[in-house]
C-alpha cells in the first residue's frame with residue numbers, strides 16, 4: 001500500500017466518515033483534514049478533529065504501517081510533536097511522541113470503499129508495460145478539467161525553468177541582459193551544443209559583449225575563439241586568418257580563457273545547425289539590438305518577436321558552413337521553427353521571471369504568445385495524440401512534456417488531476 005494513495009484518501013475524504021473510531025476505540029470526527037504539506041515535516045498541517053468529543057487542532061501524519069513512525073525516526077524529531085492523529089493502513093504498533101504521550105491512530109483499511117481500490121489497481125496494473133499508466137482512459141477525462149490542468153502544468157513548467165533564471169540572476173547581481181545572453185547562447189546550441197555554448201557564456205564577461213556588439217567581426221572572433229574553432233593551423237582561409245589574429249589580440253587584452261569550454265560538435269548535425277552558423281547568428285542578433293533585453297520584454301506579440309529575430313549569419317557564411325570550404329550560396333537566416341524554440345525556452349521564461357520580479361502578472365501576455373506558436377513534434381507528443389489528447393499549440397505541448405516528465409515517469413498519478421479524476425470516477 002503506497003503512502004501517496006493513503007494521502008489521497010485522507011486529503012479528498014475518500015472513506016466512510018461516519019462512525020470512525022481510533023484503534024483504541026475512541027470516537028473520531030474529522031472536521032478538517034488539514035492542508036497537504038509537500039515539503040519535509042508532517043503530511044497535513046492545521047487539521048481539526050474531535051477525539052471522544054474533545055476538539056484538537058494540529059498536524060496529521062500518514063504511513064503505510066504504524067511502525068514507519070519509528071523507521072523514519074519521527075519520535076526524535078520535534079517537527080512531529082504537534083501530530084494529533086496518525087493515519088495508517090496497517091496498525092502494527094502503538095506510536096508515541098517524543099514526550100512519550102500516545103498518538104491516536106486511525107486504521108484506514110476498515111473505512112476505504114472497495115471501488116476506490118479497484119480503480120487504483122486498474123490504473124497501476126501492468127504499468128511496466130505501458131507508456132503511461134492511464135493511456136487507456138486519459139481520453140475519457142472531462143475536456144474542461146483536462147484543459148485547466150494543462151494550463152496549470154504550463155505555469156509549473158515556467159516555474160521550473162525560472163529556477164535556472166534566478167540562479168543566473170543571483171550570480172550576475174541581477175544583470176538581466178547578461179542572463180538573457182547566457183540563456184540565448186545556450187539555446188542557440190540546442191541539445192547537442194547547448195553545454196558548449198553555455199560554457200562560452202560562462203567564460204565571457206558580458207561587458208566584453210557590450211563593448212564589441214557593434215563590431216561583429218571582433219565579437220565573432222571572441223565566440224569562435226572561446227569555442228576552440230580557431231585553434232587549427234592547417235586552414236587556408238582569409239576570413240579564418242583575420243578572426244584568428246583578432247582573437248589572439250582580444251584574448252590577451254581581456255584575459256580570455258577557453259580551457260573549461262567544451263568543444264562544440266559538428267557530427268550528426270544538419271549544416272544549418274553547425275556551431276559556426278549559430279554563433280555568427282547570435283552575433284548578428286546583438287549587432288542589431290544593443291538593448292535586447294528591454295526590447296524583448298517590451299514586445300508583447302509573437303509577430304514582434306519574430307521581427308526581432310529576423311536576422312542572418314554574417315556574409316562570409318552565405319557560401320560557407322565551415323571555414324575554408326565553399327558551398328552553394330544561401331543566406332543563413334534564423335528559421336521560424338528555430339525562433340519558436342528560442343521564444344519557448346528563453347524569452348517566455350524570462351518574461352515570466354521579470355514580471356514576478358516587478359510584481360506584475362504577465363500570464364495573459366505569455367499565453368497569448370505561446371498559444372499562437374505551432375505545437376512541437378516529438379515521440380512523447382505523438383504518443384499522447386494516439387491516446388486521444390488534442391494538442392493544439394506549443395502551450396499544450398509544453399504542458400504535456402511537463403506532465404510526462406514530472407508526473408507520468410515518476411508514477412505521481414495521485415498528484416495529477418488526470419489520475420485524481422480517474423480515481424474519483426469523474427470521467
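Only the coordinates and a few stated rules stand behind these numbers; no lab work does. What you are looking at is a predicted structure, and each value in this text was computed from that prediction instead of being measured. Note that we place each Cβ from the backbone using ideal geometry, even for glycine, and neighbour counts take in every protein chain shown.
Annotations
- In the chain, the DSSP beta bridges split such that about 65 percent are antiparallel, to the nearest 5.
- Region 1-53 and region 168-190 have Cα centres separated by 46 Å.
- Principal-axis tilt of helix 275-288 within the chain, Cα atoms, nearest 10 degrees: 80
- Value at 222 nm in deg cm²/dmol, rounded to 500, when DSSP H runs of n ≥ 4 in the chain each add -39,500 (n - 2.57): -14000 deg cm²/dmol
- Estimated distance in nm for a label pair at residue 248 and residue 81, the labels positioned 7 Å out from Cα along Cα-to-Cβ: 7.2
- Placing dummy labels 7 Å off each Cα toward the beta-carbon, the span from residue 231 to residue 24 is 7.1 nm.
- Relative pair counts by distance (%), Cα atoms of region 173-370, 10 Å bins: 8, 36, 36, 15, 4, 0
- Per-peptide packing, taken as the mean over residues of other Cβ atoms within 10 Å, places 196-206, 73-83, 54-64 in the sequence 196-206, 54-64, 73-83 from highest down.
- Taking the centroid of alpha carbons for each part, region 274-351 and region 89-108 are 63 Å apart.
- Rel. contact order, % - alpha carbon contacts under 8 angstrom, at least six apart, the chain: 14
- Pair-distance distribution P(r) for the chain, from all Cα-Cα distances in 20 Å bins starting at 0: 22, 39, 28, 11, 1 percent.
- If R0 is 25 Å, the Cβ-Cβ spacing of residue 386 and residue 1 corresponds to a FRET efficiency of close to 0.15.
- Calculated P(r) of region 73-172 - Cα pairs past 15 Å, %: 79
- Spin-label model, residue 378/residue 40: points 7 Å from Cα along the beta carbon direction are separated by 3.3 nm.
- Cα gyration tensor category, rounded, prolate or oblate, for region 268-342 with a/c compared to 1.5: prolate
- The slack between residue 143 and residue 335, meaning 0.36 nm per residue of separation minus the straight C-alpha distance, is 65.7 nm.
- Taking the Kirkwood radius as Rh and the Cα radius of gyration as Rg, region 1-100 has a ratio of Rg/Rh equal to 0.92.
- Shape of region 328-427, Cα gyration tensor, a/c cut at 1.5: oblate
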